[in-house]
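K.L.:
Below is one structure. I have some questions about it.
Quick note: the coordinates plus some simple rules give every number you see, no bench work behind them. Source: prediction; values computed, not measured. With ideal geometry, Cβ positions are generated from the backbone for all residues, glycine too; neighbour counts draw on all protein chains shown.
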Amino acid sequence: MESIYSGISDVVNLWAVCRGGTRALGPGNRYVLWTQGCLHRCPGCVSPESRPFVPRLILSVDEIARDIISREDIDGVTVSGGEAFLQSEALTALFSAVKRERPDLSNIIFSGYTIEELTGEDDKALLSLTDVLIDGPFVESLRTSDGLRGSSNQRVIFLTPRLLPHKEELLSGEQLRETIPLGNGTITIGIPEKKAQSDHFPHNTKRV
Ligand code: SF4
């Protein structure tokens, strides 16, 4: 997807990062990145803070890659948002760097785009390094409590067989939520139960 981030592959602009890992956004203990900036306008968006295109947490791809690679207690990486595919070049560079050193880690991405819309070369490059894509916008009237989907229009697409053993969990498993410290406060990670309330769910309803 063309965006203000096009051509940038050495840094990412994030809403937040969960370095210690969580079990609320996919199988095992997962490092999570929430990207900053989204062009979708999903009514009932539970992560409105991640939508504006403002500099938030700008980190170098090298630094994040080194951090992920060094964490022996994680099983994979989940990217939520915001919209991940607006920063596909940087995320491709990140996934490539991590894969070289930690091929054991799986990758999950939430996107407000459907896979049919992700046709650019940068989109395809990122998809080629992704094990599971959860696609499509969040539709509040279709809210579901099934697995990692926020609404039933979203699809859990297995791009590789790696996470197929977790298919049931991803499609229809119990939705977990975990509150962790962030900055001076806390955030609750996981698929929101309903509309955002006082806690912040970094996306994923389509995502945290
Ligand atoms: S729900 Fe996700 S895709 Fe939709 S507007 Fe909010 S951040 Fe963007």
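K.L.:
If you plug each phi of the range 109-115 into the Karplus form 6.51 cos²θ - 1.76 cosθ + 1.60 with θ = phi - 60°, what whole-Hz ³J(HN,Hα) values come out, in order, with x for Gly and Pro?
P.N.:
10, 9, 9, x, 8, 7, 4
K.L.:
For the pair I58 and L171, how long in nm is the line joining their label points, each one 7 Å along Cα→Cβ?
P.N.:
Distance between label points: 4.3 nm.
K.L.:
So what are the ³J(HN,Hα) numbers for the range 132-146, from phi and the Karplus equation (6.51, -1.76, 1.60; θ = phi - 60°), rounded to whole Hz, Gly and Pro as x?
P.N.:
Per residue, the Karplus-derived 3J(HN,Hα) values read 9, 10, 9, 10, x, x, 6, 10, 4, 5, 10, 3, 10, 10, 8 Hz.
K.L.:
Could you list the residues of the range 29-62 with an amide nitrogen less than 15 Å from a label point located 7 Å from the Cα of E2 in the Cα-to-C-beta direction?
P.N.:
none
K.L.:
OK, next. When the Debye formula is applied to the Cα atoms of the chain, each taken as the same point scatterer, what base-10 log of I(q)/I(0) results at q = 0.09, 0.15, 0.19 Å⁻¹?
P.N.:
Each listed q maps to, in turn, -0.28, -0.84, -1.50.
K.L.:
Cα centroid distance between the range 116-168 and the range 15-53, in Å?
P.N.:
About 14 Å separates the Cα centre of the range 116-168 from the one of the range 15-53.
K.L.:
Let me ask another. For T179 and E101 in one chain, what is 0.36 nm times their gap in residues minus the Cα-Cα distance, to one decimal in nm?
P.N.:
Details: separation 78, 0.36 × 78 = 28.08 nm, distance 2.98 nm.
Stretched out fully, the T179 to E101 stretch lengthens by 25.1 nm.
K.L.:
Next question, about the same structure. So how much slack lies between R41 and D75, counting 0.36 nm per residue of separation and subtracting their Cα-Cα distance, in nm? Working shown, then result.
P.N.:
On the way: separation 34, 0.36 × 34 = 12.24 nm, distance 3.19 nm.
Contour length minus Cα-Cα distance gives 9.1 nm.
K.L.:
Based solely on its DSSP helices, what 222 nm [θ] is calculated for the chain when runs of n ≥ 4 H residues each add -39,500 (n - 2.57) and the sum is averaged over all residues, nearest 500 deg cm²/dmol? Numbers along the way, then the final one.
P.N.:
Details: 4 runs with 37 residues, N = 208.
Computed mean residue ellipticity for the chain: -5000 deg cm²/dmol.
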